[in-house]
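Structure record follows, encoded as structure tokens.
The values are calculated or read from the model by the stated rules, or taken from the named source; none is laboratory data. On a predicted model such as this, the values are computed, not experimentally measured, just so you know. For neighbour counting, all protein chains shown are included, and Cβ atoms are generated from backbone atoms with ideal geometry for every residue, glycine included. Keep in mind that these areas ignore ligands, DNA and RNA; they rest on the heavy atoms of the full protein, side chains included. Shrake-Rupley method; radii C 1.70, N 1.55, O 1.52, S 1.80 Å.
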Amino acid sequence: MNAVQKTIDFIQEISADSPIMSTFADHRKASRRLLIRHGFPTHKDEAWRFTNIQPLINQEYDFSFGNEAGSEHMPAPVVLENVHHLSLHPHGKIDQTSLSEFTRLTGCFIQDILGAEQNEQVKTLFSTIIRDSENSFTALNATLFDRGYVIVVPDNIHVDKPIHIQIDHTLEDRTLNTNSRLLMVLGKNAQCTLILSSSKAEGSSFSNMVTEIQLEDNCRMDYYLLQFSGQHAHHMTHTGVFMKKNARLAAHHFSTGGRTIRNDLTVNLFGQGAGCSLRGLILGKNTDQIDNHTLINHLSPNCVSTEVFKGILADRSHGIFNGLVTVFPEAQLTSATQKNHTLLLSRDAMMNSNPQLQINADNVKCSHGSSTGELDEDAEFYIRSRGINEEMAKFMLIQGFAREITNSVSNSSVKDVLQSAVDQYLNEVTKAKG
Amino acid sequence: MIIITNLSAKIEGKTILKGINLSVKPGELHVIMGPNGAGKSTLANILSGKPGYEVLEGSVRYQGKNLLSMPPEIRACEGIFMSFQYPIAIPGVSNIYFLKASVNAIRKYRGLPELDAIDFMKMIREKLAEVNLDDSFMKRPVNEGFSGGEKKRNEILQMITIQPILSILDETDSGLDIDALRIVADGINNFRSPDRAFILITHYQRMLEYLEPDYIHILLDGKIVMSGNKRLALELEARGYQWVKDQNRQVAEV
């Protein structure tokens with residue numbers, strides 16, 4: 001039995017009166033119907049044309065949903081200094097005292113999402129930024145999500161340290177599907193950094209996360225998604241950001257490793273003068289498949305978006321970048337740039353890059369570009385002509401290529417983690433070749 | 001120091017060098033002039049070890065060793081430096097990181113202790129002043145967004161920092177305004193010493209107003225067809241390469 005059939009059987013069998021199913025019941029019911037009807041996407045669906053989800057489908061999963069097992073033997077979390085730490089892990093119960101402590105330290109409202117259905121923000125926003133019906137996986141999430149937070153940063157609050165949420169997907173000896181969910185709101189003039197991280201684990205897993213972020217007028221958010229994944233990990237994230245007047249977003253997606261990594265990021269520049277910067281770096285080796293799908297909607301005048309995604313692919317790894325910037329007719333004086341650059345370190349590595357602009361306004365400045373290629377031989381010779389050996393010259397060039405992204409990270413602790421991840425990756429892939 | 005004997009070479013099926021003979025002794029400054037396509041840059045590239053060239057004939061002995069069998073980084077460690085006609089940008093790699101890696105790779109090869117960041121910075125400050133650049137220059141990515149003059153001054157900065165024995169300067173004067181030209185020429189002059197040698201490749205004699213070359217060689221169609229002292233450059237400037245070609249034809253006919 002494959003994962004699609006097993007998932008459908010599972011959701012058909014869940015009793016409607018299970019405690020979790022009774023939360024967000026309407027969302028769950030509707031999504032369940034949708035999922036049963038459509039199953040998982042295939043490569044015939046445009047949005048999944050290059051993403052091979054067969055390895056994910058060929059696995060069998062247990063479902064973390066409603067499971068009471070303990071949570072031992074987690075992979076070591078991504079270590080970040082000077083942060084407010086939270087975690088989300090399979091079957092881990094959210095501890096009420098730690099949430100009160102979090103509120104005391106940060107000044108933010110926080111709640112276990114399963115108990116937050118009556119929260120006003122949740123009522124208004126849940127499933128509006130990322131719709132349950134967006135695709136099969138968001139529907140799967142809406143049906144089965146069993147853990148997550150609602151975090152609200154009140155107006156004018158600048159959270160002193162980043163909020164770091166470590167997300168674990170695996171349990172020893174178990175191949176799990178986990179569905180987690182975040183809803184975050186930044187009030188007017190608020191400032192906050194949110195870091196989501198997942199650590200590398202050896203076993204197979206299938207995580208499926210939905211994050212909705214609402215940014216009110218003049219607020220500023222730095223958002224990081226840091227994925228360290230093992231060879232058998234399947235991770236999907238769907239992140240939606242809705243931005244009001246003059247709101248600012250700096251988003252970073254970093255992924256290294258993973259059998260099927262798929263990150264969908266949608267940013268809606270809804271209020272005048274809003275601006276977003278999206279940066280991404282993927283490091284692939286072995287049979288990793290790492291896919292970033294981004295959509296930036298310019299809905300209002302005077303908004304700015306800049307996007308740079310880079311990839312380094314070794315062995316037989318496969319990268320995908322699908323970026324769409326849409327400028328709506330009202331969005332005059334839009335400025336949008338989009339770039340995707342990939343270095344192939346092996347002849348068997350592959351990149352599908354698809355940057356797209358759809359412009360429906362006349363007074364705009366938009367550009368995009370994409371390149372995929374091997375290391376620059378002239379640059380390599382230049383470095384070697386200064387006494388530096390071939391291996392080191394290659395290392396420097398690739399490291400420099402990645403630095404354009406890692407240097408744009410303003411948080412120094414995240415920057416350190418990323419730079420050492422790049423160095424470690426380079427040590428692995430350049431030695432293997434030499 | 002370096003003896004080039006009957007060197008012939010081709011790239012992409014095309015023979016560019018057709019029997020070069022040149023001998024450079026310590027302390028000397030040799031200038032190689034010639035029109036576009038004569039093989040000047042090919043000669044510089046082959047001496048510094050750029051991949052892609054095929055040596056057909058001849059030899060290059062450098063300090064008694066077979067230069068052509070050494071990979072480019074070993075040539076650099078042995079004391080050869082090429083100032084690039086078109087210095088390459090290396091995005092994401094800072095100038096200081098690059099130059100420190102270079103200095104330490106060469107020091108390591110020579111059995112010297114590597115310099116730490118503080119010692120390196122102390123050393124580099126003096127060198128920066130010589131080419132009229134400030135500290136902030138070192139933080140920028142190598143050659144990225146540099147002006148033509150900055151690129152060439154950076155090459156000279158690398159030269160006086162790395163302290164090579166034989167410097168090959170490929171069109172170091174091109175793309176420079178008068179002020180930058182003077183800075184670059186001063187950099188070379190201050191760096192001259194009885195145990196160092198230079199091969200300067202140039203189109204024009206304007207750089208020679210600031211330098212004291214020992215020999216001028218004219219390269220035409222892959223061969224050195226004429227050699228002389230500084231006066232040859234002036235004569236060439238006045239009469240053009242056609243004059244050399246005519247002279248050469250007469251010699252051939254005789």
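Within the stretch A:36-53, can you find the residues that are surrounded by 13 or more Cβ atoms within 10 Å (Cβ to Cβ) and either touching a Leu at 6+ places or on another chain (Cβ under 6 Å) or of a type in the set (S, T, N, Q) (or both)?
Residues satisfying the conditions are A:THR51, A:ASN52.
Need pairs with beta-carbon distance below 8 Å; first residue free of Cβ contacts under 8 Å to residues at least 40 places away in the same chain and within the stretch A:15-35, second in a helix (DSSP H, G or I) and open to solvent by 20 Å² or more (accessible area, probe 1.4 Å); sequence gap 6+ or separate chains.
That search, which allows pairs on different chains as well, returns A:ALA16/A:ALA25; A:ALA16/A:LYS29.
Give me the pairs: first residue in the stretch B:78-107 and touching a residue at least 24 places away in the same chain (Cβ under 8 Å) and within 21 Å of B:ALA44 (Cα to Cα), second residue of a type in the set (Val, Ile, Thr) and open to solvent by 40 Å² or more (accessible area, probe 1.4 Å), beta-carbon distance under 6 Å, and six or more apart or on different chains, which are they?
B:GLY79/B:ILE165
Given the condition open to solvent by 30 Å² or more (accessible area, probe 1.4 Å), more than 9 Å from chain B (Cβ to nearest Cβ) and either among the small types (Gly, Ala, Ser) or assigned to a loop (DSSP other than H, G, I, E, B) (or both), answer yes or no: does some residue in the stretch A:376-398 qualify?
Checked the stretch A:376-398: no residue is open to solvent by 30 Å² or more (accessible area, probe 1.4 Å), more than 9 Å from chain B (Cβ to nearest Cβ) and either among the small types (Gly, Ala, Ser) or assigned to a loop (DSSP other than H, G, I, E, B) (or both).
Going by the structure shown, is B:LEU200 in contact (Cβ under 8 Å) with a residue 60 or more places away in the chain and either in a strand (DSSP E or B) or surrounded by 16 or more Cβ atoms within 10 Å (Cβ to Cβ) (or both)?
So B:LEU200 passes the test.
Would you mind stating whether B:ARG125 is part of a helix (DSSP H, G or I) and within 17 Å of the chain's Cα centre (by Cα)?
Values: part of a helix (DSSP H, G or I): yes; within 17 Å of the chain's Cα centre (by Cα): no.
No: the conditions fail for B:ARG125.
Conditions first: (1) open to solvent by 20 Å² or more (accessible area, probe 1.4 Å); (2) part of a helix (DSSP H, G or I); (3) not aliphatic (A, V, I, L, M). A:ARG28 passes all but one, so which condition is the exception?
Of (1) open to solvent by 20 Å² or more (accessible area, probe 1.4 Å); (2) part of a helix (DSSP H, G or I); (3) not aliphatic (A, V, I, L, M), only one is false for A:ARG28: (1).
Scan the stretch B:89-110 for residues that are open to solvent by 30 Å² or more (accessible area, probe 1.4 Å), under 19 Å from the mean Cα position of the chain (by Cα) and within 7 Å of another protein chain (Cβ to nearest Cβ) and jot them down.
none
Restricting to the stretch A:13-36, what's the tally of residues that are farther than 14 Å from A:PHE145 by Cβ, touching a helix residue (DSSP H, G or I) at 6+ places or on another chain (Cβ under 8 Å) and among the polar types (S, T, N, Q)?
Final tally of qualifying residues: 0.
Return the residues of the stretch B:201-240 that are at pLDDT below 85 and among the aromatic types (Phe, Trp, Tyr); say none if nothing qualifies.
Across the stretch B:201-240, the qualifying residue is only B:TYR204.
Out of the residues in the stretch B:60-78 that are in contact with a Ser or Thr (Cβ under 9 Å, 6 or more places away or on another chain) and closer than 20 Å to B:PRO26 by Cβ, state the one that is nearest to the other protein chains (Cβ to nearest Cβ).
Step one: list which residues in the stretch B:60-78 are in contact with a Ser or Thr (Cβ under 9 Å, 6 or more places away or on another chain), which gives B:60-61, B:66-68, B:72-73, B:75-76.
Pick out the ones that are also closer than 20 Å to B:PRO26 by Cβ and you get B:60-61, B:66-67, B:75-76.
Numbers: B:VAL60: 16, B:ARG61: 20, B:ASN66: 18, B:LEU67: 13, B:ARG75: 8, B:ALA76: 4 Å.
Top of the filtered list is B:ALA76.
Check B:ILE11 against each of (1) at pLDDT 95 or above; (2) in contact with a helix residue (DSSP H, G or I) (Cβ under 9 Å, 6 or more places away or on another chain); (3) open to solvent by 10 Å² or more (accessible area, probe 1.4 Å); (4) among the aliphatic types (A, V, I, L, M) and name the one condition it does not meet.
Against the list (1) at pLDDT 95 or above; (2) in contact with a helix residue (DSSP H, G or I) (Cβ under 9 Å, 6 or more places away or on another chain); (3) open to solvent by 10 Å² or more (accessible area, probe 1.4 Å); (4) among the aliphatic types (A, V, I, L, M), B:ILE11 comes up short only on (1).
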